[in-house]
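The values are calculated or read from the model by the stated rules, or taken from the named source; none is laboratory data. Just so it is clear, the model here is predicted, and its values are computed rather than measured. As a convention, Cβ positions derive from the backbone with ideal geometry for all residues, glycine included, and neighbour counts pool all protein chains shown.
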Amino acid sequence: MSTAIIYSFTSNKTAKAGEKIAAAIGKSFETTMVNADELTEKEFLSYDQLILGVPTWFDGELPHYWDEFVPAIEEMDLKGKKVAIYGLADQVGYPENFADGVGILARLMRDRGAEIVGQTNIENYKFESSNAIENGDDKFIGLVLDQENQARLSQKRIEDWVEGLKNIFK
C-alpha cells in the first residue's frame, strides 16, 4: 500500500505538523511527502492511503490550494482509499467554525467513496461549533491541532493519532 502525506509546504504550521506526523510514523509504513500546492490528479490517485493536512482559513474555509483542487476531487472515484485528515485551527479566535476545513475535506473525500479514518476525541477543546464533528458525535473526523492556544498538547496528540493509524494503514 502506498501512502502520501499531503499538505502545503508553505503553510508553516501545517507543514511542521506534517513533518512531526512523518517522524512519528517512522518506519512503520512508507510515506511520501507531497506538496499540496503542486498536486496533480494523477499523483493524488496514485496513492492507496492519504494523510491530508488542512488548516481552516478565515470563517471556516479551505485554503486556496485545496479549494482550487476541489473540482478535480469532485470528479474522482476514491473507493478503496483510506484517508486520514489533520487540521490546524484556532478555538479562541474562531470558536464558531473551529476546524471546519477538516470536516469539509472529510465529507468531500467520503462523498467520493473514500473511507475516513483517524477520529480523535473532542475533550480539552473549547469552541462553539465545528464542521469537523458529525451528527453530535463526541469525536473530530480527524486530528485537530490548535497551535495558537494549545501548542504544548500537539506532540502528544500527534503521537496518539499516529499510533491509531499504524493499526489501520499497512
Given the structure, is Val144 part of a helix (DSSP H, G or I) and either touching a Cys at 6+ places or on another chain (Cβ under 8 Å) or at pLDDT 95 or above (or both)?
no
Of the conditions (1) at positive phi; (2) free of Cβ contacts under 8 Å to residues at least 24 places away in the same chain, Ala99 fails just one. Which one is it?
(2)
Give me the pairs, please: first residue somewhere in region 45-56 and in a loop (DSSP other than H, G, I, E, B), second residue anywhere and surrounded by fewer than 24 Cβ atoms within 10 Å (Cβ to Cβ) and of a type in the set (Ser, Thr, Tyr), beta-carbon distance under 8 Å, and either six or more positions apart or on two chains.
Ser46/Ser2; Tyr47/Ser2; Tyr47/Thr3; Tyr47/Thr32; Asp48/Ser2; Asp48/Thr3; Thr56/Tyr94
Among all residue pairs at least 6 apart or on different chains, which show Cβ distances below 6 Å where the first residue, located in region 1-13, is basic (Lys, Arg) and the second is part of a strand (DSSP E or B)?
Lys13/Leu88
Being assigned to a loop (DSSP other than H, G, I, E, B) and either within 20 Å of Ala99 (Cα to Cα) or over 15 Å from the mean Cα position of the chain (by Cα) (or both) is true for just one of Thr32, Thr10, Thr14. Which residue is that?
Thr10
Is it the case that Leu78 is touching a Lys or Arg at 6+ places or on another chain (Cβ under 8 Å), surrounded by fewer than 20 Cβ atoms within 10 Å (Cβ to Cβ), in contact (Cβ under 8 Å) with a residue 12 or more places away in the chain and not polar (S, T, N, Q)?
yes
Among the hydrophobic types (A, V, I, L, M, F, W, C), farther than 25 Å from Gln150 by Cα and surrounded by fewer than 23 Cβ atoms within 10 Å (Cβ to Cβ), is that true of Phe29?
yes
Selected residue [at positive phi and at pLDDT 95 or above] from Gly80, Gly60, Gly18
Gly80
Given the criterion of a type outside the set (A, V, I, L, M, F, W, C), modelled with pLDDT of 95 or more, in contact with a Leu (Cβ under 9 Å, 6 or more places away or on another chain) and surrounded by 14 or more Cβ atoms within 10 Å (Cβ to Cβ), identify the matching residue among Gly118, Gly113.
Gly118
Test of understanding: among Gln49, Gln91, which residue is of a type in the set (S, T, N, Q), touching a Phe, Trp or Tyr at 6+ places or on another chain (Cβ under 7 Å) and closer than 20 Å to Glu115 by Cα?
Gln49
Within region 123-139, track down each residue that is of a type in the set (S, T, N, Q) and on the phi < 0 side of the Ramachandran plot.
Ser129, Ser130, Asn131
What are the pairs, 6+ residues apart or on separate chains, where a residue within region 123-136 that is more than 15 Å from Glu148 (Cβ to Cβ) has its Cβ under 6 Å from a residue that is among the charged types (D, E, K, R)?
Glu128/Glu96; Ser129/Glu96; Asn131/Asp100
Report yes if some residue within region 148-167 is closer than 24 Å to Glu38 by Cα, without any contact (Cβ under 8 Å) to a residue 60 or more places away in the chain and not polar (S, T, N, Q); otherwise report no.
no
Scan region 89-106 and give yes if some residue there is part of a strand (DSSP E or B), modelled with pLDDT of 95 or more and touching a Gly at 6+ places or on another chain (Cβ under 9 Å), otherwise no.
no
